[in-house]
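The values are calculated or read from the model by the stated rules, or taken from the named source; none is laboratory data. Quantities reported herein were computed from a predicted structural model and do not represent experimental measurements. Quick reminder, even Gly has a Cβ in these numbers, built from the backbone with ideal geometry, and neighbours come from all protein chains shown.
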Amino acid sequence: MLERCEEDNQGFSPEEKQGLYRAIFERRDVRSQFRPDPIPSAILTRVLAAAHHAPSVGFMQPWDFIIIDDPTIRTAVKHMFTRENARATKNYTGEQAVLYRAMKLEGILDSPLNLCVTCDRTRGGPHVLGRNTILETDLFSVCLAVQNLWLAARAENLGVGWVSILDPVELAQLLGLPAHVHPVAYLCLGYVREFLPEPELQQKGWRARVPLETLVHHNRWGTTMPDCAWLGANSYDKQPLSPMKEQSMTAATHTKLLRQETIEQLDGTTTVLSYFEPTEETMQALVKDLFEHNWQRIVVGPCIQGAVFEVCFQQPPKLSYLDGYLTVNLGPWHFHLCVGTHTGTSSEELRRKRPVAEIAFFEDRGRGCAGGQSWGLRMWNGFGEQMTTVFLPNPFLSDEQKILREPQWERLRLWYELREKYLGEPMPQEWKPVEAPDENPFLHGHGA
């Protein structure tokens, strides 16, 4: 009888277990959150290797992976989807039809890469071990490879979307597949602006997750477990916040709107400023929210008439504090921002006026510089001098500051989340502000 060896180091640490379950429970079918950033070849290799290490019937390994970056092919696939999706729409009526038409169900042209995972139904010869009775086990095996790829991608912070509304015969012809090779999954891959907190179909009210306890049977179909209370326990819980994160959340909870100010600029742009108290505790929480959790989504730098410094981060900055000064360090360059108690000067006035004295959310509405539409935060010291501006994601611009043909209002999520946290405002029902234009003002040129 074999006995388990406790010293073989084949177990998983608590942190490793947590990482696996997190990937499983936080995996999402991504459709509308893709960013155009290229996927590094090393990361793509790791994701494909994970797929290739999936279990397969008789170790058949029937999968192949077609990496698709040709715009012509992807456009043809998009046209195929559009046609098939129009046919699928006819399956629904009433409110369900309205909801179906409103949902974006693919990211074929939005994602930097498409990937078709195929099944070679002849691989392994005419007699594959374990496939004698259930011939479809080769297709099942490919689905396991897709799942491996999906979880590995989530661990690498990549989003994956499965486009299933395609004609498989037409897709096979488009990709030049041999007759014995079947397209199983057409996937969209790429970095995303965010991973939704719950599946998108559940979030939009299409379907809800079925309770686990209703799906587990005892010995025979329809017979419930004698005691299924244990099935109701959540099998995955996020790790509790670290003490610093708990402190940040607590600090933000106690902040509120101090006052609001509307300024009419010389070019006709209206700037709405919403001020809150820049206590040291609040500033440390905000620093983490901006430079630690959302560094890839913000643009930072002083913004005054005649000069705008727009700094984008290509990697997470290192943060440190000394004598009230925050240092945001990226190696070749860094900057300092006084956000707390400062004692490194003999001047009492400088000790009081160097730190952030005022901070406000700002929203520019109009047709001035940069299209006249921007959202962010601005900080001033005790002398009334602007210290820096933090631009938040703009629905009219991509993360790479490229003009979007159509506004993506969900890009204002961070704006609303931060206002909820630091001003106590409730999240809106719709992302689009009432005052926002329907078309992208950037398309008409700066300063129009």
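Of all the listed residues (ILE67, ILE73), the sole one being within 30 Å of CYS312 (Cα to Cα) and at pLDDT 95 or above is ILE67. Every condition in (1) of a type outside the set (S, T, N, Q); (2) over 25 Å from GLU410 (Cβ atoms); (3) within 21 Å of the chain's Cα centre (by Cα) holds for PHE195 except the one numbered (2).
In the set VAL210, VAL216, VAL184, which member is touching a residue at least 24 places away in the same chain (Cβ under 8 Å) and among the β-branched types (Val, Ile, Thr)?
Result: VAL184 is the single residue among VAL210, VAL216, VAL184 that is touching a residue at least 24 places away in the same chain (Cβ under 8 Å) and among the β-branched types (Val, Ile, Thr).
Scan segment 315-331 and give yes if some residue there is farther than 30 Å from THR345 by Cα and either assigned by TED's automatic domain parsing to the domain that holds ARG354 or at pLDDT 85 or above (or both), otherwise no. Yes, the conditions are met somewhere in segment 315-331. Of the listed requirements (1) more than 27 Å from GLN202 (Cβ to Cβ); (2) in a helix (DSSP H, G or I); (3) aliphatic (A, V, I, L, M); (4) within 22 Å of the chain's Cα centre (by Cα), LEU20 misses just one: (1). Of the listed requirements (1) without any contact (Cβ under 8 Å) to a residue 12 or more places away in the chain; (2) in a helix (DSSP H, G or I); (3) out of contact with any His (no Cβ under 8 Å at 6 or more places or on another chain), ASP138 misses just one: (1). Of the set (1) charged (D, E, K, R); (2) in contact with a strand residue (DSSP E or B) (Cβ under 7 Å, 6 or more places away or on another chain); (3) surrounded by fewer than 16 Cβ atoms within 10 Å (Cβ to Cβ), all apply to LYS17 but (2).
Would you tally the residues in segment 58-70 being on the phi < 0 side of the Ramachandran plot and touching a residue at least 12 places away in the same chain (Cβ under 8 Å)? Of the residues in segment 58-70, 9 are on the phi < 0 side of the Ramachandran plot and touching a residue at least 12 places away in the same chain (Cβ under 8 Å). Here ARG101, ARG74, ARG46, ARG31 are screened, and the one residue that is basic (Lys, Arg), touching a residue at least 12 places away in the same chain (Cβ under 8 Å) and in a loop (DSSP other than H, G, I, E, B) is ARG31.
Of the residues VAL160, VAL192, VAL146, VAL184, the single one that is touching a Gly at 6+ places or on another chain (Cβ under 6 Å), hydrophobic (A, V, I, L, M, F, W, C) and either assigned by TED's automatic domain parsing to the domain that holds ASN85 or within 30 Å of ARG297 (Cα to Cα) (or both) is VAL192.
Of the helices (runs of 4 or more DSSP H) lying entirely inside segment 193-297, the ones with 1 or more residues being under 15 Å from GLU417 (Cα atoms) and modelled with pLDDT under 90 are found at 243-253. Look through segment 376-403, keep the residues that are of a type in the set (A, V, I, L, M) and more than 20 Å from LEU286 (Cβ to Cβ), and return whichever of them is surrounded by the fewest Cβ atoms within 10 Å (Cβ to Cβ). Out of the qualifying residues, it is ILE403.
If you take the residues of segment 175-194 that are of a type outside the set (Gly, Ala, Ser) and in contact with a helix residue (DSSP H, G or I) (Cβ under 6 Å, 6 or more places away or on another chain), which of them is farthest from ASP70 (Cα to Cα)?
Checked segment 175-194; the qualifying residue farthest from ASP70 (Cα to Cα) is VAL184.
Is it true that some residue in segment 301-309 is in contact with a helix residue (DSSP H, G or I) (Cβ under 7 Å, 6 or more places away or on another chain) and either at negative phi or surrounded by fewer than 19 Cβ atoms within 10 Å (Cβ to Cβ) (or both)? Checked segment 301-309: no residue is in contact with a helix residue (DSSP H, G or I) (Cβ under 7 Å, 6 or more places away or on another chain) and either at negative phi or surrounded by fewer than 19 Cβ atoms within 10 Å (Cβ to Cβ) (or both). Taking the criterion of being surrounded by fewer than 17 Cβ atoms within 10 Å (Cβ to Cβ), of a type in the set (A, V, I, L, M, F, W, C) and within 30 Å of GLN408 (Cα to Cα), would at least one residue in segment 78-95 satisfy it? The answer is yes, given that some residue of segment 78-95 is surrounded by fewer than 17 Cβ atoms within 10 Å (Cβ to Cβ), of a type in the set (A, V, I, L, M, F, W, C) and within 30 Å of GLN408 (Cα to Cα). Specify which of the listed residues (GLY130, GLY107) is of a type outside the set (A, V, I, L, M), in the same structural domain as LEU177 (by TED's automatic domain parsing) and either over 12 Å from MET60 (Cβ atoms) or crowded, with 20+ Cβ neighbours inside 10 Å (or both). Every option except GLY107 fails the conditions.
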